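Since the structure comes first, as structure tokens, the remarks are kept for the end.
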Amino acid sequence: MEYLISQYQDLIYSLCLKSVGNPFDAEDLTQEVFLSAYKNLSHFDGVYEKAWLCKIAVRKCLDFLKAAGRRTVPTEDLYFSRIPDLHPSPEDRFLLEDQNRQIYLLCQKLKSPYKEVATAHFCQQLSIGEIAERSGKKPKTIQTQLYRAKGMLRKMLEVNERRRDPNAS
């Protein structure tokens with residue numbers, strides 16, 4: 001056994017280090033390889049000891065790498081910051097609610113029938129077909145009214161923008 005350790009210790013360590021990438025784990029794995037070899041020395045036929053030890057090392061490294069994924073406990077803030085949050089933040093919710101309120105207020109400034117069509121489409125998220133069905137009008141009529149309502153809303157937004165920034169051209 002002493003011969004195997006003195007002859008192949010560096011080779012097994014470098015193989016383990018390349019496999020796991022951590023010198024401390026590689027040292028531990030190297031010890032495990034030689035411990036396993038010692039326990040199974042009676043089953044070794046004495047031929048190709050280098051290949052036999054390398055085979056043990058590869059299996060130990062693979063087992064270690066498989067188990068490493070299961071036993072790691074993420075503690076870094078960076079790990080948790082990479083996990084996507086599917087829920088909007090309170091700030092995002094507030095901004096969305098404010099934006100929806102602004103759209104609703106703008107739609108209410110329109111005259112009928114544009115007010116009803118714009119409110120149904122932009123605030124209630126109804127399609128042209130759904131609005132037509134509810135109002136009893138033809139989809140083409142709703143489409144035209146929505147097109148005109150968009151133009152009116154665009155003008156209202158431009159006027160509001162000019163009021164906020166008098167230096168804008």
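The values are calculated or read from the model by the stated rules, or taken from the named source; none is laboratory data. These numbers come from a predicted model, not from an experiment. Glycine gets a Cβ as well: all are built from the backbone with ideal geometry, and neighbour counts include every protein chain shown. With ligands, DNA and RNA removed, areas are computed over all heavy atoms of the protein, side chains included. Shrake-Rupley method; radii C 1.70, N 1.55, O 1.52, S 1.80 Å.
As a length-normalised measure over Cα pairs under 8 Å and 6 or more apart, the relative contact order of the chain settles at 14 percent. Extension gain, LEU11 to LEU95, is 24.1 nm, computed as 0.36 nm per intervening residue step minus the present C-alpha separation. Solvent-accessible area of VAL58, all protein chains in place: 70 Å² (probe radius 1.4 Å, heavy atoms, ligands and nucleic acids excluded).
Note on LYS115: lysines with a C-alpha under 22 Å away, same-chain residues under 8 apart excluded, are LYS137, LYS138, LYS140, LYS150, LYS155.
Over the residues of the chain, the helix contribution to mean residue ellipticity at 222 nm works out to -24000 deg cm²/dmol, using -39500 (n - 2.57) for each DSSP H run of at least 4.
Here the scattering of the chain is modelled by Debye summation over its C-alpha atoms, one equal scatterer each and no solvent; at q = 0.08, 0.11, 0.15, 0.16 Å⁻¹ the log10 of I(q)/I(0) is -0.56, -0.65, -0.93, -0.98.
Note on the chain: dipole from Cβ charges, positive end direction compared against SER42, PRO90, ILE128; the farthest Cα belongs to ILE128. Label zone of MET1 (point 7 Å out along Cα→Cβ, amide N under 11 Å): in the stretch 27-49 this covers 34-42. Taking Cα centre as origin and charging only the Cβ of basic (Lys, Arg, +1) and acidic (Asp, Glu, -1) residues, the dipole magnitude of the chain rounds to 1900 debye.
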